[in-house]
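One structure is given here, and the rest of the page talks about it.
The numbers here are math on the coordinates, done by the rules we state, and not lab data. Quick caveat: nothing in here was measured; it's all calculated off a predicted structure. Cβ coordinates were reconstructed from backbone atoms using ideal geometry, including for glycine residues, and neighbour counts include every protein chain displayed.
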Amino acid sequence: MWIDSSEVVPSGTLTIEVINPATEEVLEQVPRGGNEEVELAVLAANRAFAAWRQMPATERAVLLHEVAAKARAHRDELARLLTMEEGKPIPENEEELVWTANTFDYYAELGRHERGRVLPPGDPDQFNFTLKVPYGVVGCIVPWNYPLLLMVWKVAPALAAGNTVVIKPSEFTPLATLRLAELAFAHLPPGVVNVVTGYGREAGEALVRHPEVPVIAFTGSLATGRHIAELAAPMMKKLHLELGGKDPMVIGPDVDLDTAVRALAYAGLLNAGQVCTSTERVYVAQDRYPAFSEALAEFVGALRTLRAARAGLHPFSN
């Protein structure tokens, strides 16, 4: 695990095997964390919070830009590790690393000027203003389909605002997150970023229940999101829940058929359809339906994703 800017090996012997989905071989074993490890991580994050929240936003921005630079410098290594543990073709994981680095750059700059605002006074002798202040420790619970991108969409804004974080990656894909911590987070003050590996019902639930974690950011299923909301409600925690969608695509009577077919195939099949925003239902103008369905079946039947990935091409390119 990664706690207080160093590797931590728990005293317990329980581990989780990380499996290569292509070969079903064991890539590595990671600790199976629970209450004890979450307690250590939250304690480290709380210790770091006092100084991190007081650091000038310009200094935090420099550190977050450095995270982005280090992620770019190690893009190839991290992309291959992602492919080995969760199975997306390397070109798609290279794209994920581009987004990952860009996200840190974006929030590094946003954090430099989002401090508060001045309000029109009710009296000329008054000066009214609001200040935004960080919450404290943010628990970030991340799924397996985009392990780094969905992690940094939580971590980067939290850090830019002056919070510290404890990350619980998916038990299926913890390796790239741990490696990113070693490569790109090590220069941050100790305790600002922590990673606890484990199962959701153990490490994840311990993080949600912890009284000193006022914010939980989670991406995953509706059922798990409901459970998190139930656990968090008595403590009035702030929640950011990205749950399953039912994203529609509308094919109107005047659209270009070839463009619509390619758009739907991409939106529905990217990452084998395992994307939060994947198209899950389609509405087609009745008089276009026969031609559209035939063209879609022909296009999808001709896809050769594996060959395209080996050639370094996007699976939906010509």
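The table that follows gives values for the structure above.
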{"read-out": "Mean separation of Cα contacts under 8 Å (6+ apart) over length of the chain, as relative contact order %", "value": "20 percent"}
{"read-out": "The chain - convex hull of alpha carbons, volume per residue in Å³", "value": "180 Å³"}
{"read-out": "C-alpha long axis of helix 35-54 to longest principal axis of the chain, angle in °", "value": "70 degrees"}
{"read-out": "Principal-axis tilt of helix 289-301 within the chain, Cα atoms, nearest 10 degrees", "value": "70 degrees"}
{"read-out": "Distance from segment 225-266 to segment 20-40 (C-alpha centre basis), Å", "value": "29 Å"}
{"read-out": "Value at 222 nm in deg cm²/dmol, rounded to 500, when DSSP H runs of n ≥ 4 in the chain each add -39,500 (n - 2.57)", "value": "-14000 deg cm²/dmol"}
{"read-out": "Size of electric dipole in segment 2-242: Cβ of Lys, Arg +1 and of Asp, Glu -1, about Cα centre, debye, nearest 20", "value": "800 debye"}
{"read-out": "Cα long-axis angle, helix 57-73 against the chain (0 to 90 degrees, to the nearest 10)", "value": "40 degrees"}
{"read-out": "Set of aspartates and glutamates near Lys154 by C-alpha distance (under 13 Å), chain-local residues within fewer than 8 positions excluded", "value": "Glu242"}
{"read-out": "Separation of alpha-carbon centers, segment 167-193 and segment 272-286, rounded to whole Å", "value": "33 Å"}
{"read-out": "Within segment 181-303: Cβ-based charge dipole about Cα centre, in debye rounded to nearest 20 (Lys, Arg +1; Asp, Glu -1)", "value": "520 debye"}
{"read-out": "From phi via Karplus (6.51, -1.76, 1.60), per-residue ³J(HN,Hα) for segment 241-256 in Hz, x at Gly/Pro", "value": "10, 9, 10, x, x, 10, 6, x, 10, 10, 9, x, x, 10, 7, 6"}
{"read-out": "Given charges at Cβ of Lys, Arg, Asp, Glu: segment 1-53 dipole, positive-most of Leu14, Val42, Ile3", "value": "Val42"}
{"read-out": "Amide hydrogen neighbours beyond the local backbone of Ser170, cut-off 5 Å, H modeled", "value": "Val142"}
{"read-out": "R0 of 30 Å, Cβ-Cβ distance Leu243-Tyr283: FRET efficiency to nearest 0.05", "value": "0.85"}
{"read-out": "Mean Cβ count within 10 Å, highest first, over the residues of peptides 258-264, 120-126", "value": "258-264, 120-126"}
